[in-house]
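This report refers to the structure that appears directly beneath it.
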Amino acid sequence: MTSRKPMIAGNWKMHNTIKESMELVKGLGEEIKDLDKNAMPEVVLAPVFTSLSSVNDKLVECGCKKMVLASQNCYYEPKGAFTGEVALSMLKEFESLEYVIIGHSERRQYFGESDEMINKKAIAILANGLKPIICCGETLEQREQGVTDSHIQKQITTALNEISAEDTAKSVIAYEPIWAIGTGKTCDSTEANRVIKMIRETVKNLKGENAANSMRILYGGSVKPETIEEQMAQSDIDGALVGGASLKADSFAKIIKGAMVKAAV
Ligand code: 13P
C-alpha cells in the first residue's frame, strides 16, 4: 500500500537558452493543458540557472500549478566569496521552485561533488524549506564487480547523515545507473525496482519505516515514452528523472501521461 504521489522530473542539464526554455515550457503547457491536475504526477522542471527566472514567471503567471521548478544544483553556504555558486536564499526567490537536484553523477564526475558535500547541501536545502532530489547510482565497472548495492548504500547513508526522519520523508532519491544515462540503454525495470527496494530498505534501517514508505524514489537513465509505463508498473518506482526525453514537449508530455495510471491509483 502506498500513498506516494508519483513524480516526473525533467533535468534539462546544460541545454536551452532563455528563449528555448520559454518555447519548451510553452509547448509543454499546451500538451498538458487538458490533463486533470489531480490525476497527474507531480511534474518538475529543472532548467539551467539562467532560465529559472523566466520559467518561474511563466509558471506563476499561468497559475495552474501543474508544474514546479527544481534547481540543478546549489551551494550550502548562505552567502559570501564563492564565485560561480548560487545560494539557497537566491533560489527561494522563485515562487514555484520547490526542489534542488544534488549529487547528479555528472556533478560527481566533472565537478568533484563528494558524498559529504551532498550531505551538506541536503541539510541546507531542507533548512531553507526546499526539498532535495538526491541522485545515486553505480558505474558499469561497479555493476560488473558486483558492488552496486554496497556503493549505493554508502552514497545514501552519507547523504542522509544527520537528517531527521521527517525531513527524509520529504526528500526524493533518484536512482540513476551511470551506464544508463544518455546511452539509450535503459536499466531493466525489474532490476531498477530491485535496487530501489534496496534503497528503501536502507532508508528504513537508517530513519524508520515511516520515512522509508513516504519517501519517493525515482528511476533515471534513458527514460523514454516507450519505457515509462513498464517502469511505473513496478512496486517501488515512484517516478522518473528524465534527461534527453524532457527536452521535447511532446516526448516529455507522453512520459507524464504514461505515469498517470499510477498517479490516479
Ligand atoms: P537521460 O534521460 O538523457 O539518460 O538522462 C538521465 C539523467 O541523467 C537525468 O538526470
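Read-outs throughout are calculated quantities, based only on the coordinates presented, and are distinct from any laboratory measurement. Quick caveat, the model's predicted, so the values are computed rather than measured. Heads up, the Cβs are rebuilt from the backbone with ideal geometry, glycines too, and the neighbour counts pull from every protein chain shown.
Brief remarks follow.
- Cα gyration tensor shape for region 136-242, rounded if a/c is under 1.5, else prolate or oblate: oblate
- For ASN205, net neighbour charge (Lys/Arg +1, Asp/Glu -1) across residues whose Cβ lies under 15 Å away: +2
- Cβ-Cβ distance of ASP115 and THR183, R₀ of 30 Å, FRET efficiency by 1/(1 + (r/R0)^6): the value works out to about 0.80.
- Subtracting the Cα-Cα distance of ARG4 and ASP149 from 0.36 nm times their residue separation leaves 49.8 nm of extension gain.
- Using a simple spin-label model with pseudo-atoms 7 Å out from Cα toward Cβ, LYS37 and THR139 lie 4.5 nm apart.
- Restricting region 231-265 to trypsin sites (Lys or Arg not before Pro) that sit in a DSSP loop and have at most 16 other Cβ atoms within 10 Å of their own Cβ leaves LYS248.
- Net charge dipole, the chain: roughly 300 debye, given to the nearest 20, about the Cα centre with Cβ charges of +1 for Lys and Arg and -1 for Asp and Glu.
- Pairwise centroid distance, computed over Cα atoms, of region 184-260 with region 32-84, Å: 20
- Its Cα centre serving as origin, region 14-134 has a Cβ charge dipole (Lys and Arg +1, Asp and Glu -1) of approximately 180 debye.
- Residues of type aspartates and glutamates that LYS13 reaches as a straight line, Cα spacing below 17 Å, ignoring anything fewer than 8 places off in the same chain: GLU23, GLU85, GLU106, GLU113, GLU176
- When the pairs LYS197/LYS248; LYS121/LYS154; LYS185/LYS254 are compared against a 24 Å limit on Cα-Cα distance, LYS197/LYS248 fall above it.
- Using every pair of separate Cα atoms, the Kirkwood estimate puts the hydrodynamic radius of the chain at 18.3 angstrom.
- Taking every alpha-carbon pair under 8 Å whose residues sit at least 6 apart, the chain reaches a relative contact order of 23 percent.
- Extended-chain gain in nm, criterion 0.36 nm per residue less alpha-carbon gap, SER89 and GLU77: 3.3 nm
- For region 1-79, the percent of C-alpha pairs falling in each 5 Å distance bin, counted from 0 to the bin holding the largest distance, reads 3, 13, 25, 24, 16, 11, 5, 3, 0.
- In a DSSP loop and with at most 15 other Cβ atoms within 10 Å, the GluC sites (Glu not before Pro) in region 67-122 are GLU85, GLU93, GLU95.
- Sparsely packed loop sites in region 158-265 (the GluC sites (Glu not before Pro) outside DSSP H, G, I, E and B with at most 12 other Cβ atoms within 10 Å) comprise GLU162.
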